[in-house]
Amino acid sequence: MPRGNEAEIERKIVLPLLKAWGYDLQNYWIKPKLGNGYPDFLISLPLAGDRSFNYLVIEVKSSNESRLSGQQQLREYMAAAQAVFGLLINGKDYQLFYQNPLKKPLCQLKWAAGQLERKSIQKLTKVLHRNAAEALVSALTQEQLKIYHHLEKVLQKNYAFPSTHPQRTAMIITVFNHKGGVGKTTLTLNLGAAFAAMGKRVLLIDIDPQSNLSIGLGIDPLRDIEDQGRKDIAHLLLEPKVTLEEVVYRKRWDNLHLDVVPSHIRLADQEADLIRTIDIDRVLQRKLRNHPYDIILIDPPPAFGKVNAIALMASHGVLIPIEFAPYPIRAIEYVLARLEAFRPVMDNPPRLLGIAVNKYDQRNSAVNAQMQERLQDILERVAREYAVVSNLLPKDTWIPKRAAIEKATDLQQPIFSRNLYAELSRADQEPIDELTTTFENLARHLSTEAFPQHE
């Protein structure tokens, strides 16, 4: 395949592809204004009257870049154009994005990635050819949406796109590590946002008295809870008549929706009340029955206290975030041993979903290799001594260490927020692309590998 700068990729690859797919100059715009930017190509077909239908947005990148960037910007363009497809391409690799523009709000984007080769071009042709676009346009009314279901079947067959009407997975996951400072709360927040971006209905439960998850999502425990006379996680745990719906706060960031059960510092003073309450360990498990969510992520404090037992009792799985550094690596044996100690008192002990690497600094290759080897030794020893099996998650799920994620936290927004992306400088936007891709990989791994067909 030809390689080079953006202009060469457009001339040698994109324009020939558009011609091969049946489009001519009347069907596409070069660098039109969309939102706050200018995508490289917008493919449109006429509707009745003077209207047109935007089918495909193409964003071209140089093949000299070390990775295919620009995912978030392409999402922005697709939302602005109400386009069905988005194609990100650099001459070596591509990513294909899909959304149903007739849904209100837009269904979340799904994407496939791969190397640009003859077989992949044949797959792209199935859905990006003018014939496919015209077939869609010919049936484009609110009452004739069956064609979208057919389109999704084609996508699932050729790209393994997930359905926009998936069965409920109903996963409840506690994200836990006894060692603080490994980015547990930030990982929980953005992993939840990744699931939401994949079309899941997500609930985040902050069961840590420090309330970092709540604050990170723009919920102030004093101003938004106490001063407003509203309820939080402490009320849910200690007041039998308080229901889940009464303590849920709904947060929106343009394209993103997350439900949150916030925490409050008062929870730290109520440890004794929790201990005195009969069968308190199962209270959250009971109150999460018949919930409407696909994914629930629980963020407990970095300690083995009563609230941690409550969180674990309610969970289907435990995800352990870790940083490649001596102290977090050393602490992992204690964490796994203590988790194993909880299992005999649980009706259905949660599965160990694996070790999720966070704050991964790719520059320290020698240190990373040393830490990874040490971690593998510990996991093997724990498997022998405690019969606890836990694995390091795949490398494409390792969350890179980037300043942009700290800026997102300071701005109290998930990294998947389009509002956040628009506020950041160009230098910070590329790391956001890398971060969102990695969090999506982690969410997809948990959905397909950790909890296949889980109900």
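The values are calculated or read from the model by the stated rules, or taken from the named source; none is laboratory data. Fair warning: this is a prediction, and the values are worked out from it, not measured in the lab. Here the Cβ positions follow ideal geometry from the backbone for every residue, glycine too, while neighbour counts run over all protein chains shown. When the accessible area is computed, the model is the full protein with side chains, heavy atoms only, and any ligands, DNA or RNA have been set aside. Shrake-Rupley method; radii C 1.70, N 1.55, O 1.52, S 1.80 Å.
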Set of lysines near Lys31 by C-alpha distance (under 16 Å), chain-local residues within fewer than 8 positions excluded: Lys61
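Dipole of the chain, Cα-centred, from +1 at each Lys and Arg C-beta and -1 at each Asp and Glu C-beta, to the nearest 20 debye?
My answer is approximately 1180 debye.
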Which listed residue (Phe97, Asn308, Ser52) has the Cα farthest towards the positive end of the charge dipole for the chain, taking +1 on Lys and Arg C-beta and -1 on Asp and Glu C-beta about the Cα centre? Ser52
Quick one: pull the percent of accessible area on the chain belonging to carbon and sulfur, 1.4 Å probe, ligands and nucleic acids left out. 49
Please compute the per residue accessible area over the chain with all protein chains in place, 1.4 Å probe, rounded to a whole number of Å². 45
Placed amide H near Lys200: partners under 5 Å, 5+ positions off or other chain: none
Using the Kirkwood radius built from alpha carbon pairs, what does the Stokes-Einstein equation give as D for segment 371-419 at 37 °C and 0.692 mPa s, in µm² per second? 239
Given N residues in segment 200-359, what is its alpha carbon radius of gyration divided by 2.2 N^0.38 Å? 1.05
Where Rh is the Kirkwood radius over the Cα pairs of segment 305-417, the temperature 25 °C and the viscosity 0.890 mPa s, what D in µm²/s does Stokes-Einstein return? 157
Tilt relative to the chain, helix 118-128 - C-alpha long axis, 0 to 90 degrees, to 10: 90
Can you give me the angle between helix 365-386 and the longest principal axis of the chain, using Cα atoms only, in degrees from 0 to 90, rounded to the nearest 10? 50
Find the all-direction average of the projected area of the Cα convex hull for segment 282-351, expressing the result in square nanometres with one decimal place. 5.3
For segment 250-393, what relative contact order do you get, as a whole percent, if you take Cα pairs closer than 8 Å and at least 6 residues apart? 21
Percent breakdown of C-alpha pair distances by 20 Å bin, ordered from the shortest bin, for the chain: 24, 52, 23, 2
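What percent do you get for the relative contact order of the chain when only Cα pairs under 8 Å and 6+ apart count?
So the answer I get is 14 percent.
Which of the trypsin sites (Lys or Arg not before Pro) found in segment 323-370 are loop residues per DSSP with 12 or fewer other Cβ atoms within 10 Å of their Cβ? Write out the running numbers ahead of the final one.
On the way: sites: Arg330, Arg338, Arg351, Lys359, Arg363; in loops: Lys359, Arg363.
Passing sites in segment 323-370 are Arg363.
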